[in-house]
Structures are given as C-alpha cells and as structure tokens.
1. Among the candidates Lys102, Lys131, Lys48, which residue alone is open to solvent by 20 Å² or more (accessible area, probe 1.4 Å) and at pLDDT 80 or above?
2. Tell me which residues, restricted to region 334-350, are touching a Phe, Trp or Tyr at 6+ places or on another chain (Cβ under 7 Å), in a strand (DSSP E or B) and of a type outside the set (A, V, I, L, M).
3. What number goes with the only condition from (1) in a helix (DSSP H, G or I); (2) at pLDDT below 85; (3) open to solvent by less than 10 Å² (accessible area, probe 1.4 Å) that Tyr448 does not pass?
4. Tell me, which helices (runs of 4 or more DSSP H) lie completely within region 1140-1237 with 1 or more residues that are at pLDDT 75 or above and over 60 Å from the mean Cα position of the chain (by Cα)?
5. If you go through region 702-734 one residue at a time, how many are assigned to a helix (DSSP H, G or I) and farther than 15 Å from Phe769 by Cβ?
6. Being modelled with pLDDT of 80 or more, within 45 Å of the chain's Cα centre (by Cα) and either over 23 Å from Asp401 (Cβ atoms) or not polar (S, T, N, Q) (or both): is that true of Tyr55 here?
7. Output the number of residues of region 1158-1175 satisfying the condition of being farther than 14 Å from Ile1196 by Cβ, open to solvent by 40 Å² or more (accessible area, probe 1.4 Å) and among the aliphatic types (A, V, I, L, M).
8. Out of contact with any Asp or Glu (no Cβ under 9 Å at 6 or more places or on another chain) and not in a helix (DSSP H, G or I): does that describe Asn760?
Amino acid sequence: MGDSKEAGTEAPPAGTAARGRLSLLSQGESEEPSAQGSALFLGGNEVKSRAVVKYSSAPPRTAFARLQEKTDLKLPPANWLRESAKLGPAGTTILGNSRKSKPFSSFGMAYDFIDSVGNDVDVVSDSENIKKLLKIPYSKSHVSMAVHRIGRTLLLDELDIQELFMRSSQTGDWTWLKEFYQRLIDQKWQRKKKSKEHWYQKAILSKFLYYSINGDGAAQPVPSTAEQQESSSADQTNDSDGASWPAPFEMPSSVSEDPSASSQGGEPLEPSYIVGHVASAPKEQNLTTLFNDGENSQGLKNDFARNILWTFEDIHMLVGSNMPIFGGGRYPAVSLRLRDNNKPINVLTGIDYWLDNLICNVPELVMCFHVNGIVQKYEMIKTEEIPNLENSNFSTKVIKDIAQNILSFLKSNCTKEGHTYWLFKASGSDIVKLYDLTTLCEETEDKYQNPFTMPVAILLYKVACNMMMKKNQNKKHYGTVRTLLLNCVKLLDKSRHPQIIASANYMLSELFQLDEPKKEESSESPLNENSDESYSEEEEEMPDSDENGSYSTCSDPSDDNKAVAIIKSVGELSVPEKYKSIHQIRPSCAFPVCHDTEERCRLVLSYVLEGLKSVDNSIKKESDLPAADPHTPIPLKYEDESTRGGPEGLEKQMALFLDKMGSLQKGNYSSQSGMIPGSWQHKMKLQLILKSSKAYYVLSDAAMSLQKYGRALRYIKLALQSHDTYCCLCTNMLSEVLLFLSQYLTLCGDIQLMLAQNANNRAAHLEEFNYQTKEDQEILHSLHRESNCQGFAWATDLSTDLESQLSVSCKCYEAANEILQFSDLKSQNPEQYIQVLKRMGNIRNEIGVFYMNQAAALQSERVVSKTVSTAEQQLWKKSFSCFEKGIHNFESIDDATNAALLLCNTGRLMRICAQAHCGAGDEFKREFSPEEGLYYNKAVDYYLKALRSLGTRDTHPAVWDSVNWELSTTYFTMATLQQDYAPLSRKAQEQIEKEVSEAMMKSLKYCDVDLVSARQPLCQYRAATIHHRLASMYHSCLRNQVGDEYLRKQHRVLVDLHYSKAVKLFQLLKDAPCELLRVQLERVAFAEFQMTSQNSNIGKLKTLSGALDTMVRTKHALQLIRKELVEEFDQPKSEETPPAADSSPSLNREEVIKLLGIFESRLSFLLLQSIKLLSSTKKKTSNLEEDVVLKTNKQIYSQLLRATANKNASLLERIDVLVHLLDQLARGSGGDGGALQ
C-alpha cells in the first residue's frame, strides 16, 4: 500500500480504519442497506461525477475532535485499538488500517448487488484499485490486478504477487505463476521488506484517528503494554495479510464429499461454498446464500463500510470504500487527513484525496499538519480546489481520459467470461501488459490451481439466477443467461461441485420454452449460430486499425507471445480516446435459434442428462447399485401377449395403475438409489426428471403431427417412464404434475388410435419405435436407478392386433379421465376434461364400429347355417355397449353433433341386426319377419333421436343431411322388404299395402330432392323409385281388386300421380334410362288395362292416343340408351380392350334387350289397335284428320313389322329404327292431338 511513497510523499491509504463505520447516512438508516441519490457533483467543473450510496453499515456521523496544538501523536490515546462504536466493530483492527485489499473484495460486492452485475455496471472494485489504475501515468510503482468479465461488467481485484509467492513457497500452489513471473518479468524475485518509516506512518495515522474520535484533545496516559502491543502488532501484519488469501478451492477434509468421509463421525457436512438448492422452477427459486459461513475465510465477504454506485463521466462503477467520514466542517461531511508539514503534497496524494472525496461525495477535506508527530495546524480545502493545490496540480480532464482509455483497453481484451486476466506493470516500467492466466494455467496439470475459478463460477451462476428470476426481462436476456451458465459449468469440476452443475444444467434446460410456437421464438433471437462461445471470435481478433500499434505485442521476443495485449507507454493513457473501444460493451450473446421443436427438445434433454449425471454421481449409496453400462439398452420385462389376455389383462393393469395413483396422493416414497427425501439431490432429480418428461411429451406431439406414429409412441413411452420415476420419488404430488400425466396419457391414446388406423405401415412404425439414441439410453439408465419404469407399460406397448390397440387407446383416455377426477382438476381444467371426454366418445365409437363391422363380416360369411350365431350376438352386444358409453360421453359435454353421429351408428347396428334375421327361412317362402320389423323400428328410433339431438339443420348441416338420408333409407328398406316379401301369413294384404305406403311416404319425407348437394342425384333416384314402386303397388291393386268403386277410383288417381312424378324425377337423371323406359312401359300397360274396361270406341281411342303419346315420350330414354351404347362401342377401339369389357357397369345390356322387346311388342299392339279402331270409325263417319292418322299409323306399323322381322339387326340399329318411328308418330299425331283428346 505504500507504493505512492516510492514516487514522493506517501499518500495515506484512504481506507483508514477498515471498519470505520462513518458515512453520509442519516441517523435512522445506519444498518439498513439503502440506495440514496445524491447531488450531481462537478469535480473542477470539467468532469461529471455522481455518487449514490447503495449500502452503508456505518453509524451516524459525529463531528471530529480538533486536536490541540502540540498534541504528541506518538503517544497512544487510551482508546487506541479498542472497539469503538464510532469506528464500528472494526475499531480493533491492527493499526487501524493495516487491512490489505482482499483479493476477492469485488466478488463480495458483486454477490451483494447481483442486479447490477452483468448489466448496468462497467466496473466493480475496491476504491483503492480504481485510484491505483487512474494514477498509472503519474506513478512509478508497480500495478498488479486480476480482471474478470461477467457479462458487460469487469471485476477488478488486487493480485498481490509478493503475497502470492510467499504462499507458494509454503504450500506449493501457484508455482506455475511463480515460474512464469520469474522467467518473463523478474528473474531474481525476492520479497521486499517494508521500511520502518512505513510502519511509523501507519502507527501515527491510526493514533490520530483514535484521538479524533476521542472527544478529548489531550493525549491520555496509557499502560506500557500498549507499546509492546504496537511492536508485536507490527510483526503480526504479515500473518494477518497472509490470511486474506484463500487456498485454491480444495475441500477441507471435514467437508469432503467422499462417501467414506461421512463415516468419520458426526453429520456429513456440505462444503461451505456449495450452492444452495435451486428449487423447482425459476418462479420459486429460493437461492440460499452461496457462501454463507465460508465467506469470511475465503475472503469473499463484502466488508466495506459503504458500497457506492459511482458514475464518473459515462463510466458506471460499483465501488467499495472504507474512508472514515466525519461531521464538523462547513459542510455536512468532511474527510480527515494527516500530513507531515515538512513534505509537500505531491500529485499522487492530491489525486488520491480528490478521488476519495468524489467517490464518497464528500465536499470538503480537513487536513491536519504535524512535525515529527506533534500537531501543528488544521486546514480546510474544498474538494473542487484539490486539483489546483500547490505542488499537486493535475487536470481532471486527463484523469477522465485515463479512466476511459483503461476501461476501453480492458473491455476490448478481457473478452472471455470465466477467464482470469492479469493486468501487470512492473515497478518503474512504462509498459502495461495484460495476460490471460486461465490459458497459462491450463498449460499446467490442474485448472483448479487458479483460486479465482470458484468465485467466478459462483458469480456467473448467481448473475444467471438473478436474471432468470426477473420475469419481465426473461426472454430478452436468455442468450446472456445461457452464456453465463455455460461458462459457469465450464469452470467447475464435476466431481467437486455436482450441485451447482446440476442446478446450472437445469436452468439451461428451463431457458427453452418447450411449448412456445416456433415463429415467436425465432423473432426473439437474431440468427446467430455462434452460440456456444460467449463472444464471437471475430470480435476478439479485429481491433480497430488505430489501435493496432498499441495492442500489438512489443518486439521484445522474451515476452511477446504470452501477453494478450500491451500498452507500450503509460503516456498513451492520457491521450483522449486513444483506446476508444469499437467493441460493444456486451457483444450479443444470441440465443441459439432452434429451427424446429425436435432440435429444441434435444437441447433441453442434453442439459437434463448432464444434470442427472451430476446428481447420480453425488449419491452416497453408489456402491450398492448394480453397475450398468449406459450404452447397452436396458432389458425390459415384456410379458407374452397371450398371458396378458388382451382387454381382460388390460383391466387388471388399469386397476393396479389407478390404485397406485390413489396411493400417490397419500405420498408414498420408494427410491431404489437411496436418495434422502428433501436432500438437494432428491429435489434436483425430481425437477430434471419432470423436465425430461415434458421434453419427451413435446417430441412425441411433434412426431405425431408429422404422422411418425412409431417415433411418437417411443417418445411418449419415455415421457411416461420419466413420469413413473417421478411418481416413485415424489413425496407430495402436485396437481400440475397430475395434469401433465393426464395430457401424456391422452396423447398416448391418440397415438395408439392412429397406429390402429395405419396398420398397413406397421413395419416402419415398429422400426421407429425400437430405435433409441445414446442420450435416451443414458437418461433411461438414470431413471432405472430409481424405479423399474414399468408403471405405464400397459399403455406404451406396440401391439400388432387391431382390437388390442383400440382397447389400449380407450384405456389411456379412461386413465386420463380418472386422473382428472382425482383432485379438483376437472373443474380447474375444463378444456382438458372436455378434450378427454371427446376422445373417449370417439374411441368408443371406433371400437363400436370395429365390432359392428366384424359382425357384418360374420353375417356375409354365413352360408350353411341360416340362424344367427352366438358370436354375432356377442359382437352386437359389445358394439352396442361401446356406442351407448360414447353417446353418454358426448352428451355429458353437450356435444350434440357427435352424439348424433353415434346414435346414427347405433341405428346402423340395428339395421345389421335386422339384416341378420332376414337370412332365416327358405328363400322361396321368405316373408318379412317380426324380428326384422323390430330392429328396423329400433333403427328408426335411434335416427329420430339423432335428429332430436341436433335440433335443427343449422347445428351441423352435413350430419343433419346424413341422418336424414339414413332414416329415409331405413324406411325405404322396410317398405321394399314388406312389398317384396309380404308377410301374408300374418297380415292382410290391405294392411301390408297401408304399412308399405306409410313407410314409403316417410322415406320420401326425409329424402330432400331439392337440396343441392353431392347427394342430390341419389335423393332424386330414391324418390323416383319410391313413386315408381307406389304406382306399381296401386296398379297391382287395381288389377287384383274387386268391389269398392270409390277405392278403385282413388287408386287410379294415385297410380297416375305417382307414375307422372316418377317420370319427372327419372327424366332429371342422366344415368337411369332403363328405369325411365320401364316406368313409361308400365304407364302404357296401365292404359291398356284401362282400355279393357272401356266400352265406347271414342273412350278407347282416347286412351290409345294417350298411350301412344307416352310411347313418343320414351324417345328421351331411348336416346340416352343409344348414347351409352355408342360410348361403349367406341371404347374398345380406342383402348384395344377385349370385347369382354363391352358391358358398361351403368347399362345392363340384357335388361335393355328385354325392355326393347316389350317396347316393340307394345308399340306394335297399340298401333294395331289404333288402326282397327280408326278403320271401324271411318266406316261410320268420314274425317280427314283421322284418315291422316290412320295412314301414318299404318305406315309406321308396317315399318315396325319389317324391322322386328329382321333378327340380325344390332341393338343400336333397333334403337335407331324406334327413334325414327317415334319421330314419325310425333309428326303424324301432331295434327290430330286436339281432335282425339
């Protein structure tokens, strides 16, 4: 500390009385950590300076006692070296201010003001170090400082080489640095003894301060022992200084983490510097003080009287100061100095005094002059006048330039977080060098030889924690936090500090938001791939061109290759902006851009794995565990599927699982590795395992959306295995964790369902399912230390059987639902509950359909036995039960649409049951059975329920239309079967006709022909068929019925109505020409039937004319048939297909031939009858128009006879002839239409 003495008069160290607890604080705030603003203070009107006291432990200020002239300071006052309230608890320090600046003093401050570190503050240091740096150009004394970078903050600490090497010779530490120092800097290093003058000055300064707080000017006599105390204390100084240096961080034997140590009696202690547990997630991180009791011994305690946030121009510094501050001048605060009257104040002392007052915001200096220890006089000097004192003139602007240049130099070169840099200037030298001690140290065997390693790592960790806990700025600083943590982990030894490493890795994993959308994340972080290093290499290698001269190493070959950077001459520091840094204060630590979810989850899992390894390696009962190779997959105990017995076995496993979930609520703990509940390992492993389960869940979800179902099942299996282990370790299950489990099981159910639906790609899914990465194996290995991970085996097996896959899927949803019922989760998470119930309804529908299709398949295979088999009935029951449960699920969440779909499916099941009963009995004697009627009516009931469930078509038009169509089909099928297989043995013909008519009309009611949709042609065809069938039925009734004339008349009207409606509808369709032709022929037949009952020729002629008119209208149908036949004939030629492919599926050739035959015969018959009738009427009356018709009809008749006689005519030719004849008929009868009708 007496360095300034070498260059002139010694500047008394400012930290007089290490614990001089005197400050600017008002009475009430003495012991409270506080931040106070203070007036802007302009030092000499040239530089801006502002000081804010962040914390002070000094008691209220008291006025200093002005000593009488001639007071002899060589005599000790009575209170000397005794504890004093005014000087605080440090009053007993040896010689008042013998305290050396501790090597870790900046770390103590940084721990206390963690908010400032890495962000807003440029420098954290002891005020002594700041002063020493700013005096470099003025002083010949040596400078030796350790520099560390944390974020954008530099921590400066004195690195006392002499002290270090004294220690090195005793303990063997730091030998590498000693050798390096001797090789490059000072070949003949030896310890420099401090002069007697140095100790004399210290002693009288100490006595002067004690006199000043004594309140009594006269020196009081003291016992003679005080003299001895003084001399002995002078000898002790070396030892006390030595104690301030900590050992490199090896563990004290009593604190060893070695498992054997705990058996040596007493509780096994954790190392004092081991980090406090980081609880579950950032929101509840209750970090305990890292260096609680060990701080003092390790020199890491912040023991400054006050910590000040000092802004000097644009430089923000957190400074520790112990300068005693008194009241009693013209201002509220003064600093007190002792000067030898014979030695003038030099520049170094002036700068010292000025900076001390600026830093502590003290406006005045009180100087006491003495000669040989005898007080002479006092003098008051304002702080802004100090730079202009005689013999001590200096420019404050130059001091500002020096400060800016030094900071720029350090910022530009101390770029690596976690590295210890050494700023060194030899005594009397002009060259300042900066070395990277970490790099030098790594060339030796053990990086932990550097005693700064641990405090730096802890500080990196603390700053990261602090940033994590600030919710508002979380995202913005994730890149910084990640860099801090990665550098922290790099510095630490895994075997010595497992807790911090596990905690840091957990926090690293927490940085990645697993559930955030990709877009949001990429907008947060610039694309910067250089994520592993905290600063990009380019920034380190590209100094500004102006700086090249000053940064390049000097030409002296002995040391140019070791220094990171060199200032060739201290004079350069006074040149304004000579070292202006072009570097950002904090180069951007970009958060790694994960381009997809998988990449993000893989990163999270890599950190989780590192954390798990750290925890596992620290568990005491390691030796009790069977050794397992993490590279070999763990054999899992698979049961043979046959022994499990399909769905029945599932039931048992589900029961066991639910039983286990119930016991979890009570908190059963069962770890295999012997972790103690509540220990940091236990808490940390729980958090890491939960994180891994979340990551695997997100991976599974991502694979699911990519339709990689095998991979998705593998990931959800790992997620559930992680969760199973969590359940084994957990002493108190959180509802949040139960909710996760419900989500995992829901996803597992989804995957099993998709696997069931994609059975054709099973081999690929199986391959993906069985693949495992090394990382997954290692995580699984860590899980297996705690549990067998078989709790969810029932849900995650990849089965090859469709039924069991569907059953497993259903069980997953049921389990998820049960979990939501356990605590109050159902009401807290209504959305999740609705989702689970929807899925349950859906899977029950799937299973119901599966059983229904199986029943239908059995039915189609049934040939020999006509009766319904038991197997079919069992399948119906299973299917019905599933539909019923599904309907209940959907109804409970008011999902009308899905409930309607399931009711619709139940209706379909009823129709399948009805069809099964229709096969019974002989085909010839077949009648519509009561069982069929019963099931069809049940089907109708379910369809009507479905419509009631929907309410209106607006609810869901597609479903509404579908249910209507199915209902119409059911009525139509019933009616058709009753019509075709009339149950005459049970019912009267009239009753059957009535029932058929009713059913057909209901079918028509639900068949909307006007609604434009894809189903419209089907509806039109259905309606046309219904009208055709009804017309045919009434036509048949008329032919077979005798009696009631009124009824016959009614039937006649109905026949006409339905035929005309059927024709209208068939004409709308392009693909039903045969049906249209048949209806028209039936209408002709009906006309013929009517003719038989007519007596008058005029009536008959009228009917005949109508029949021929109907024949003419069939031309449209014939043209459609002709068009299709032409297309058919053209096809084989163009595609060279064999003639066998002649027949078009839409046109039945045999039917066409049959219909044409009937058509020709009916036309021939009608023409003949017409000719006969017209001929007979012609004899009675002569009518010109009738003659024309007769003539035409005769011509057509003869042509028709010739055409039908030609047996070799092709189908097309026959149609062409008929179309031609109909054209003639239309022209011929065009004139007589009015006369005849």
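The values are calculated or read from the model by the stated rules, or taken from the named source; none is laboratory data. Nothing here was measured: the structure is a model prediction, and the numbers come from that model. Note that each Cβ is placed from the backbone with ideal geometry, even for glycine, and that neighbours are counted across all protein chains shown. For accessibility, only protein heavy atoms count, side chains too; no ligands or nucleic acids. Shrake-Rupley method; radii C 1.70, N 1.55, O 1.52, S 1.80 Å.
1. Checking each option against the conditions leaves just Lys48.
2. Passing the criteria: Arg337, Arg339.
3. Going through (1) in a helix (DSSP H, G or I); (2) at pLDDT below 85; (3) open to solvent by less than 10 Å² (accessible area, probe 1.4 Å) one by one, Tyr448 breaks only (3).
4. Result: 1149-1180, 1184-1205, 1211-1230.
5. The qualifying residues number 10.
6. Criteria met by Tyr55.
7. Total meeting the criteria: 1.
8. The answer is no for Asn760.
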